[in-house]
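Colleague: Sharing a structure below in structure tokens format, with a few things to ask.
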Ligand SMILES: [Fe+2]
Ligand SMILES: [Fe+2]
């Protein structure tokens with residue numbers, strides 16, 4: 001088992017103490033990170049004791065240790081999956097060559113951009129979620145929020161390590177800038193659109209962790225195939241943490257749906273107005289939230305046809321989802337992939353060179369994954385005998401990036417005129433009134449074992465502990 005050294009100021013499994021220059025650079029960055037956490041991390045939380053999991057080893061299974069921690073004292077650190085001896089680059093033009101341990105000169109700028117773009121999302125989501133503690137539906141949920149937040153903080157550490165260890169002065173400057181940009185800031189926003197949206201309520205938080213953290217999963221999976229070995233190993237370990245974030249989202253939405261269904265059954269109604277009068281979130285509003293978060297998240301995958309994506313792949317920097325399990329030449333010579341194109345106002349499928357359509361392919365893989373969650377939520381609805389089904393919106397719906405940015409379609413993919421869109425937008429996306437209603441339900445519940453009225457309790461607690469365990473102690 002590869003243990004992580006906690007004896008050092010920065011816990012790590014990369015022998016930091018043997019690289020004094022790097023150690024000094026990171027020790028210089030660390031207090032700035034803590035300042036950022038205090039300024040932009042979860043509000044009013046610095047003194048809470050939170051029952052958190054901390055990584056203590058990088059082996060699968062058995063890496064997690066649970067205990068009460070004050071978040072500013074969380075053992076953020078640098079953990080890479082163990083190296084695979086003799087690992088080769090397994091796709092693109094450099095396929096078959098030894099994986100790079102140092103940044104290849106010709107790809108330096110590209111790799112730095114990939115790492116900075118990924119790194120920027122990590123502190124962004126902490127900033128987006130910082131006010132949610134004030135309206136938590138339970139201690140259990142509050143603890144899960146904080147767990148997600150500290151792990152996003154650690155993901156930032158992971159990317160900053162790569163910048164400091166492999167990109168010299170440019171890397172150090174980029175690492176500083178990661179602490180300076182602010183989610184939603186007009187003058188100095190975070191890099192990607194979805195990470196500048198507000199996360200004003202807990203339904204949005206669960207949608208974010210279900211959809212947007214899942215984008216994270218797919219990006220990390222593609223980067224964990226990278227020929228740049230330190231990046232691949234870093235991302236593989238981050239994926240173990242990402243799984244928990246998606247769990248929080250999927251279960252949070254499932255519990256919200258369950259509570260709504262219970263109330264609908266109890267009062268024998270499917271009228272959204274009446275459902276709201278009983279203090280739960282009506283199913284059509286949940287669908288509109290889902291439409292919104294799905295559409296801003298699929299934009300994160302980038303343009304459907306992209307020469308950047310082709311460059312990343314051909315260079316061996318970013319692979320496909322589960323590259324190693326795909327049975328083809330891993331170079332995409334002459335291969336094609338279907339994309340949608342707008343012809344006379346209609347969406348038609350055409351074949352594009354597969355190497356240019358890698359964003360689209362990753363987006364499609366992501367959509368398949370979200371459909372599984374959708375099916376599990378629909379099972380909850382059906383089990384209550386309610387005639388309603390959640391649907392994944394069409395991937396052209398409400399897009400701002402790529403071909404679809406030029407067309408308006410309804411969630412089923414039917415093209416709409418601007419006038420039709422304007423008349424019907426309220427059916428598709430959360431209105432100000434929907435958001436105000438959801439916001440009105442957000443009261444703070446912090447008595448152990450108690451839950452807000454709009455959400456069902458989970459079926460079990462954390463790590464075998466009871467649901468009513470005191471997951472957060474306030475000081
Ligand atoms: Fe992350
Ligand atoms: Fe995450």
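Colleague: Please state which of the following conditions residue 326 fails to meet, knowing it meets all the rest: (1) at pLDDT below 95; (2) over 24 Å from residue 374 (Cβ atoms).
Modeller: Exception for residue 326: condition (1).
Colleague: Which of the residues belonging to segment 337-351 are part of a strand (DSSP E or B) and either in contact (Cβ under 8 Å) with a residue 60 or more places away in the chain or buried (at least 16 other Cβ atoms within 10 Å of the Cβ) (or both)?
Modeller: Of everything in segment 337-351, those that are part of a strand (DSSP E or B) and either in contact (Cβ under 8 Å) with a residue 60 or more places away in the chain or buried (at least 16 other Cβ atoms within 10 Å of the Cβ) (or both) turn out to be 337, 339, 340, 341, 342, 346, 347.
Colleague: Of all residues in segment 1-21, count the ones that are buried (at least 19 other Cβ atoms within 10 Å of the Cβ) and either assigned to a loop (DSSP other than H, G, I, E, B) or in contact with a helix residue (DSSP H, G or I) (Cβ under 7 Å, 6 or more places away or on another chain) (or both).
Modeller: So the answer is 6.
Colleague: Determine which single condition residue 50 fails, assuming it passes every other condition in (1) assigned to a loop (DSSP other than H, G, I, E, B); (2) touching a helix residue (DSSP H, G or I) at 6+ places or on another chain (Cβ under 9 Å).
Modeller: The one condition residue 50 does not meet is (1).
Colleague: How many residues does segment 198-231 contain that are away from ligand 1 (no atom under 16 Å from the Cβ), in a loop (DSSP other than H, G, I, E, B) and under 18 Å from residue 149 (Cβ atoms)?
Modeller: 3
Colleague: Something else: What do you reckon, is residue 262 touching a residue at least 12 places away in the same chain (Cβ under 8 Å), within 14 Å of ligand 2 (Cβ to nearest atom) and closer than 19 Å to residue 376 by Cα?
Modeller: Answer is no for this residue.
Colleague: Residues 467, 380: which one is closer than 28 Å to residue 198 by Cβ and either assigned to a helix (DSSP H, G or I) or modelled with pLDDT of 95 or more (or both)?
Modeller: Exactly one of 467, 380 is closer than 28 Å to residue 198 by Cβ and either assigned to a helix (DSSP H, G or I) or modelled with pLDDT of 95 or more (or both), namely 380.
The values are calculated or read from the model by the stated rules, or taken from the named source; none is laboratory data. Not measured: the values here are computed from a predicted model. Note that we place each Cβ from the backbone using ideal geometry, even for glycine, and neighbour counts take in every protein chain shown.
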